[in-house]
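Colleague: Before anything else, here's the structure in question.
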Amino acid sequence: MSKETVLGRMKEEGLRLTPQRVHIVELLFELSHPTADRIYGRLAEKFPFVSPATVYNTLNKLKEIGIVRGIANGDKSVYFEWAGSDHWHFTCQACGTIYDLEPNGAESMLAVGTNRGAFRVHSYQVEFHGVCSACSDKL
């Protein structure tokens, strides 16, 4: 997904492409799994009079139209990422970094429920929690 694709989709959905909203999109490309508060902090550096509501409303609209999705974390924070391919996440409990993992072998996991006809899986999220290699080297 490109910046132009995202902005075009926003425009199609009737969202005005204000400088603040465009910068929110740019920050989503720049930052890995940011929270709304982190985006707001970075946005306020460039637009000192922006309100947190601008960030929350924009992110909620982007979620509503299927461009981003939120990942709930154990600390009650919601981290944002681009919607699209299903993948797994590893969250470091020491530094809080969220890593994307490719779901090798996920098909066999999904088949467990679908073999019995009990479920039709449309999407999934798998989360692992532990300590990343950078933090475990410090321990």
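Coordinate-derived values only; no laboratory data. Since the model is a prediction, treat every value here as computed from it, not as a measurement.
Colleague: Can you list the HN-Hα couplings for the stretch 87-98, worked out from phi with the Karplus curve (6.51, -1.76, 1.60; θ = phi - 60°), rounded to whole Hz and with x for Gly and Pro?
Modeller: Rounded to whole hertz, the list is 7, 9, 10, 10, 10, 6, 6, 8, 9, x, 5, 10.
Colleague: Here's another thing I want to ask about it. Based solely on C-alpha atoms, express the radius of gyration and the Dmax of the stretch 3-82 in angstrom.
Modeller: 11.8, 35
Colleague: Quick query: amide H of GLU127 versus all other amide H atoms, modeled in the peptide plane; which residues come in under 5 Å with a sequence gap of 5 or more or a different chain?
Modeller: Amide H neighbours of GLU127, under 5 Å, 5+ apart: HIS89.
Colleague: For the stretch 3-82, how many pairs of lysine residues have a Cα-Cα distance under 20 Å, where the two are 8 or more positions apart or belong to different chains?
Modeller: 7
Colleague: Further, regarding this structure: Work out from phi, with θ = phi - 60° and the Karplus expression 6.51 cos²θ - 1.76 cosθ + 1.60, the ³J(HN,Hα) of each residue of the stretch 26-42, listed in order in whole Hz, and give x for Gly and Pro.
Modeller: 4, 5, 5, 6, 7, 9, 9, 6, x, 8, 4, 5, 5, 4, 4, x, 6
Colleague: Using 0.36 nm per residue of separation minus the Cα-Cα distance, give me the extension gain between ARG9 and ALA94 in nm, one decimal.
Modeller: Working: separation 85, 0.36 × 85 = 30.60 nm, distance 3.69 nm.
Gain on extension, ARG9 to ALA94, equals 26.9 nm.
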